[in-house]
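Asker: One structure, as structure tokens, below. Some questions next.
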Amino acid sequence: MNLTLLEAVNYALPYMGEAVVTSTDARNPTVALVLAAIKDHQQRLLAEGWWFNEFETTLYPDAEKTIATPTNLLSIYSTEGRTLESRNGKLYDLDKGTFLFDKAVKVNIKEWLAFEDLPYYAAALIRERAAIQVYVQDYGPEGTIKVLTQNERELRDMLRQEHLRKKRYSTIRSSRAMRFMRGLRT
């Protein structure tokens, strides 16, 4: 179950003493504030890189020896120690100062996803952070902020748990664990 942008906006509005709306296009200044806060917190969350928006891939040069970058790109890093960035939709090698590439480049990409495409806990965390931000801007830190902050902490913890499950992190695969296991065998 994914959250919609309208559901996220309508979640925050009652805390501000506002009625829910039927569209995110509503000409309501509070709706505009909530939408801006959602976008800001969405950008921050996605920039961290999670199982659902970060991946490694290989990009290949075209006939002109340039490499096009994805349109929904937030960040791009070489997995081979090069310093790369996207400029005007093309991959740029900062180390060599060129857009030209002779061979494929292995990269790690963090991509932007639409709010509706986010997993539930990620969208709910953004929704909660946006509600906190807008509420504090309008009313200051009052009793209601404790409820919103507690919700935010719980959602952050649930998102981290889901991230760890999806990434399949395991201490058994660490170098320290491998040395320990080899030591037990000898």
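Asker: Does the stretch 67-82 hold any residues that are open to solvent by 60 Å² or more (accessible area, probe 1.4 Å) and modelled with pLDDT of 95 or more, and which are they?
Answerer: Scanning the stretch 67-82 gives a single hit, Ala68.
Asker: From the list Glu85, Glu56, Glu64, pick out the single residue that is closer than 30 Å to Asp102 by Cα, part of a loop (DSSP other than H, G, I, E, B) and open to solvent by 40 Å² or more (accessible area, probe 1.4 Å).
Answerer: Details: Glu85 fails: part of a loop (DSSP other than H, G, I, E, B); Glu56 fails: part of a loop (DSSP other than H, G, I, E, B).
The match here is Glu64.
Asker: I've got another one for you. For the structure I just gave you, tell me whether Thr58 is of a type outside the set (A, V, I, L, M, F, W, C) and over 15 Å from Gln133 (Cα atoms). Outline the logic, then answer.
Answerer: Details: of a type outside the set (A, V, I, L, M, F, W, C): yes; over 15 Å from Gln133 (Cα atoms): yes.
Yes; evaluated as a whole, the condition is true for this residue.
Asker: Any chance the stretch 103-114 includes a residue that's assigned to a helix (DSSP H, G or I), at pLDDT 80 or above, surrounded by 15 or more Cβ atoms within 10 Å (Cβ to Cβ) and not charged (D, E, K, R)?
Answerer: Within the stretch 103-114, none of the residues are assigned to a helix (DSSP H, G or I), at pLDDT 80 or above, surrounded by 15 or more Cβ atoms within 10 Å (Cβ to Cβ) and not charged (D, E, K, R).
The values are calculated or read from the model by the stated rules, or taken from the named source; none is laboratory data. For clarity, every value in this text was computed on a predicted model and none was experimentally measured. Methodologically, a virtual Cβ is constructed for each residue, glycine included, from the backbone with ideal geometry; neighbour enumeration extends over all protein chains shown. When the accessible area is computed, the model is the full protein with side chains, heavy atoms only, and any ligands, DNA or RNA have been set aside. Shrake-Rupley method; radii C 1.70, N 1.55, O 1.52, S 1.80 Å.
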